Amino acid sequence: MNLTENTATFRRRRERLAQDIGAGVAVIPTAPERVRNRDTHYPYRFDSHFYYLTGFPEPEAVLVLASRKAILFCREKNAEREIWDGFRYGPAEARERFGFDEAHPIGELDAMLPALLENQPALFYPVGADAGWDARAMGWLNTVRAKARAGTAAPDRVQDVRSLIDEMRLLKDAQELAVMRRAARITAAAHRRAMQQARPGRNEYEIEAELLHEFRRNGAQFPAYWPIVAGGANATVLHYVFNDAPLRDGDLLLIDAGCELDGYAADLTRTFPVNGRFSGAQRELYEVVLAAQAAAIAAVRPGNAWNDPHDAAVRVLAQGMLDLKLLPGTLDAVLEKETYKRFYMHRTGHWLGLDVHDAGEYKRNGKWRTLAPGMTLTVEPGIYVRPADGVPQAFHHLGIRIEDDVAVVEGGCEVLTAEAPKAVDDIEALMRDARGRA
């Protein structure tokens, strides 16, 4: 997409938010820089709501929508600081480059906001997200209230702007989907590389390094979250991130990793044998999870409810647990009493976009949301078996999750991460070929 089209996209989003707000003023700050230790910062990452509306990547910036105008407050040009920290747009260039109606130095924000709020009915900002911003907002309002005897009215309503932006972000446009497809391809390539490089005797962190290498060499700026590289029993820990154990012959390796590209996240999980071949028990359990994922993906289509894919996955998983003697009883009893949660304790997916767990409600008015084209989500069933009385020993310490990124399209869905193999034969063939070349 060229520069003009890109700028137009952000302008349309701001115009839509201004329309949703109606009369009133919206203030959307970006994220602050974060200190990692002493005077060293974490790599900067903008606030997703702010970036969705502006495309502006720098810290110390605020978007204000007032009287149908889009106003940016940002850092001034500073030749000395640019020697140390790098290029800054400055207000004049930022206004031109990103299509704002006005742009001012960030230091003028507190002086200008009260005048913009005068005689406006409402102030919209991320209420409660940050105590400092709450205090600043109250300061602006109190400054306007002090002029009451002069006939100036202050906003009598304060509303969280995030719910309005959440609703906008839920449906991805063509530009967003294009970026997400590329992020998915990069992530799928990283998972293929991990399968090719895994060997007994290597360490989880070595495979983590292969993932990060593939992300970066293909242009992704960051991992979307810290990768989970969990061999053997570590795969039964849902948020395992130590990635420091040796990979053992006969174990499975669960990798949950995705890149972030131009702000947009991929989120992909594959589970495969360290030695390149599934054992009988591993294959049995894996095929249950794979069948559950297929059932869930088939339920991702316009008109279905958000929870339909989860219900479809749970039904297949529960039957599989019964068939493999992980649980006693009948399917109806397992579903009614939710005893399957002993081995499958999380949901089957979440919204995906600028955030890994992206913006958007899952229920509206007490009912599960209806899926519609443009929504993007993950589909990620799993089974996690810890040793316990009555649990067949062949399944002890097995953790299996299979996750793909899926976009709802007319008539069905598109699996964005389909280039990462997940059929047993395809995984084994890829790993066998890699070992043959080695």
Hey, got the dipole for the stretch 41-165? About the Cα centre, +1 on K and R Cβ, -1 on D and E Cβ, debye to the nearest 20? 380 debye
Apportionment of accessible area to carbon and sulfur, the stretch 1-108, percent (1.4 Å): 46 percent
Tell me, what is the FRET efficiency for Gln175 and Asn119 to the nearest 0.05, using R0 = 56 angstrom and their Cβ-Cβ distance as r? 0.95
Let me have the 222 nm mean residue ellipticity of the chain computed from DSSP H runs of 4+ only, each contributing -39500 (n - 2.57), with the sum over all residues rounded to the nearest 500. -12000 deg cm²/dmol
What is the distance, in nm, between label points placed 7 Å from the Cα along the Cα-to-Cβ direction at His396 and at Met112? 6.7 nm
Efficiency of FRET from Cβ geometry, His346 and Glu96, R₀ 56 Å, rounded to 0.05: 0.75
Any idea how far apart Lys325 and Arg216 come out in nm if each label point goes 7 Å out from Cα toward Cβ? 4.9 nm
Would you mind getting the accessible area per residue of the stretch 167-303, heavy atoms of the protein chains only, 1.4 Å probe, in Å²? 36 Å²
Please report, in debye to the nearest 20, how large the charge dipole of the stretch 144-240 is about its Cα centre when each Lys and Arg carries +1 at its beta carbon and each Asp and Glu carries -1 there. 340 debye
Note on the stretch 116-171: C-alpha Rg/Rh, Kirkwood Rh, two decimals, gives 1.07
Multiply the residue separation of Arg68 and Trp226 by 0.36 nm, subtract the distance between their alpha-carbon atoms, and state the gained length in nm to one decimal. 52.9 nm
Taking R0 as 41 Å, what FRET efficiency do you get between Asn142 and Val409 from their Cβ-Cβ distance, rounded to the nearest 0.05? 0.25
Nearest 20 debye, what's the magnitude of the dipole of the chain about its Cα centre given +1 on Lys and Arg Cβ and -1 on Asp and Glu Cβ? 180 debye
Candidates (1) 108, 47, 43; (2) 63, 56, 46; (3) 81, 52, 41; which is the computed Cα extents along the principal axes in Å? (3)
Highest mean first, how do 61-73, 100-112 rank when packing is the count of other Cβ atoms within 10 Å averaged over residues? 61-73, 100-112
In whole percent, the fraction of accessible protein surface over the stretch 265-372 that belongs to carbon or sulfur atoms, probe radius 1.4 Å, stands at 50 percent
Just add up the charged neighbours of Ile165: K/R +1, D/E -1, any other residue whose Cβ is under 15 Å from the Cβ of Ile165. -4
Taking 8 Å as the Cα distance limit and 6 or more residues as the minimum spacing, I'd like the relative contact order of the chain as a percentage. 13 percent
Over the stretch 1-123, relative contact order from alpha-carbon pairs under 8 Å, at least 6 apart, %: 26 percent
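The values are calculated or read from the model by the stated rules, or taken from the named source; none is laboratory data. Nothing here was measured: the structure is a model prediction, and the numbers come from that model. Every residue, glycine as well, gets a Cβ built from its backbone with ideal geometry; the counts of neighbours run over all protein chains shown. Accessible surface areas use protein heavy atoms only, side chains included; no ligands, DNA or RNA. Shrake-Rupley method; radii C 1.70, N 1.55, O 1.52, S 1.80 Å.
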